[in-house]
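Please read the structure below before turning to the comments.
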Amino acid sequence: MTAGRTLAVVGAGAMGGQIAYQAALHGYDVRLISRSDDRLRSASTSCATLLRRRVEKGTLDGDACELTLARVTLGSDFAAVAGAETIIESVAEDRDVKREVYARICAHSDDTAIIGTNSSTLPSSVLEDAVSHSERFLNVHFFNPALLMALVEVVPGPHTSEDTIVRAMDFAQAIGKTPVRLAREEYGFIANRILFIAIQEAMRLVQGGYISVEECDLAVRKALGWPMGPFHLSDLVGLDVVEAILDEGFRQTGDQRWEPVEMLRDLVARGKLGNKAGGGFTTAPS
Ligand code: 3HC
């Protein structure tokens, strides 16, 4: 338990919400900031449901659960980042949106705060000019679902100080995660670089008529020990997110392995985004 520490999370989507509650679970006072009341409500409701289910299953103490929920303050005012020694940005993967968010964060943040972007596609070096003290800025990349997945990738840019890297590693550990430190930026970092090329290969096999979606998922689970197959996982991550990660990978590396396959493009174009909307490879339309 880490008493007396404060985290601000900006962005209350699926990732930001769970990062906030994960930190609260480990004793942090958390300010969760979003311009959308709906997102804030949905993050707090879904995380409360997930944590209370742990209480029912006996894996989390009831009082600890209620204390955790009470440690998260919801709001839209960026002034709430003042006093936070760690700030995690987890807004849309859009450079302009992120730049605007950094301007607002930097207007209120403490001079010593570190800022971690949860971006999976934008290395901090392409955004660092939007941050006042870029020596305290880097990628701190979580995995979906963030309340469960242990890994956090800590990725410094050339501008990031050693002290910031150490603090980001300590923060990830303090909230119960297993951090890995990259030496330098590389598209996809570690896990996504391996995962998304594998997902593309799975899609190519299905698109080529070699196997069905269901049997490919079964094969990968049974042969490689993945907890869910590549199609089930793509539906969890969101097909629009999968497409965006692949598109950006192609743009940044020029390597054709990243170029999204036709069947993925087609599903996204038809509004089939996976679990969150419209259904996907393995889920029915919502
Ligand atoms: N959010 C939070 N908790 C969830 C969840 C979700 N979306 N889905 C399931 N859970 C919880 C359940 O509540 C349950 O918790 P409990 O034990 O306290 O009751 C627990 O997970 C197990 O649930 P299930 O038995 O229903 O399902 P599984 O045994 O299949 O476990 C899983 C679910 C942990 C998500 C597992 O399938 C898994 O590890 N899948 C792979 C996830 C993965 O690879 N993530 C990385 C994606 S890539 C990424 O995030 C990078 C980014 O840049 C895009």
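Each residue in the stretch 17-55 was checked for being among the aromatic types (F, W, Y) and within 18 Å of the chain's Cα centre (by Cα), and 1 of them qualify.
When the stretch 97-120 is examined, which residues are found to be surrounded by fewer than 21 Cβ atoms within 10 Å (Cβ to Cβ) and not small (G, A, S)? Full working, then the answer.
At the first step, the residues of the stretch 97-120 found to be surrounded by fewer than 21 Cβ atoms within 10 Å (Cβ to Cβ) are 97, 99-100, 103-104, 106-108, 110-112.
Within the stretch 97-120, V97, R99, E100, R104, C106, H108, D110, D111, T112 meet the criteria.
In the stretch 234-262, of all residues being open to solvent by less than 60 Å² (accessible area, probe 1.4 Å), touching a residue at least 40 places away in the same chain (Cβ under 8 Å) and of a type in the set (D, E, K, R), the one that is nearest to P285 (Cα to Cα) corresponds to D235. Checked across the stretch 247-255, the condition of being under 18 Å from G208 (Cβ atoms), assigned to a helix (DSSP H, G or I) and more than 10 Å from the ligand (Cβ to nearest atom) holds for no residue.
Remark: pairs (first residue in the stretch 129-153, over 15 Å from I88 (Cα atoms) and within 10 Å of the ligand (Cβ to nearest atom); second residue part of a loop (DSSP other than H, G, I, E, B) and β-branched (V, I, T); Cβ separation under 9 Å; 6+ apart in sequence or on different chains) = L151/I190. Only one of the listed residues (G176, G188) is open to solvent by less than 20 Å² (accessible area, probe 1.4 Å), of a type outside the set (A, V, I, L, M), on the phi > 0 side of the Ramachandran plot and in contact (Cβ under 8 Å) with a residue 40 or more places away in the chain. That residue is G188.
Any residue in the stretch 103-112 that is part of a helix (DSSP H, G or I), more than 16 Å from the ligand (Cβ to nearest atom) and either within 18 Å of the chain's Cα centre (by Cα) or not assigned by TED's automatic domain parsing to the domain that holds E135 (or both)? Talk me through it step by step, then tell me what you get.
Quick first cut of the stretch 103-112, residues part of a helix (DSSP H, G or I) only: 103-108.
Checking which are more than 16 Å from the ligand (Cβ to nearest atom) leaves us with 103-108.
Retained after the next criterion (residues that are either within 18 Å of the chain's Cα centre (by Cα) or not assigned by TED's automatic domain parsing to the domain that holds E135 (or both)): none.
No, that holds for no residue.
Take the conditions open to solvent by 30 Å² or more (accessible area, probe 1.4 Å), assigned to a helix (DSSP H, G or I) and polar (S, T, N, Q) and apply them to Q200. Does it pass? Let's see the steps before the verdict.
Values: open to solvent by 30 Å² or more (accessible area, probe 1.4 Å): no; assigned to a helix (DSSP H, G or I): yes; polar (S, T, N, Q): yes.
Criteria not met by Q200.
Cβ-Cβ distances below 6 Å connect no pair with a first residue in the stretch 211-233 that is under 10 Å from T282 (Cβ atoms), a second residue that is open to solvent by 80 Å² or more (accessible area, probe 1.4 Å) and more than 11 Å from the ligand (Cβ to nearest atom), and a separation of six or more residues or different chains. In summary, Q173 fulfils each of the numbered conditions (1) farther than 22 Å from S234 by Cα; (2) part of a strand (DSSP E or B) with the single exception of condition (2).
Can you name the residue in the stretch 154-168 that is out of contact with any Asp or Glu (no Cβ under 7 Å at 6 or more places or on another chain) and within 28 Å of V242 (Cβ to Cβ) and is also nearest to the ligand (Cβ to nearest atom) among such residues? It would help to see each step written out before you state the result.
In the first step, residues of the stretch 154-168 are kept if they are out of contact with any Asp or Glu (no Cβ under 7 Å at 6 or more places or on another chain); the result is 154, 156, 158, 162-163, 165-168.
Filter again for within 28 Å of V242 (Cβ to Cβ), leaving 154, 156, 168.
Numbers: V154: 14, P156: 18, A168: 17 Å.
The selected residue is V154.
Selection of the stretch 70-88 for residues being under 16 Å from R136 (Cα atoms) and in contact with a Leu (Cβ under 9 Å, 6 or more places away or on another chain) yields A84, E85, T86, I87, I88.
The values are calculated or read from the model by the stated rules, or taken from the named source; none is laboratory data. What you see is a predicted model, and the numbers here were worked out from it, not measured in a lab. Positions of Cβ are backbone-derived with ideal geometry, glycine not excepted, and every protein chain shown enters the neighbour counts. Please note that ligands, DNA and RNA were not included when accessible areas were found on the heavy atoms of the full protein model with its side chains. Shrake-Rupley method; radii C 1.70, N 1.55, O 1.52, S 1.80 Å.
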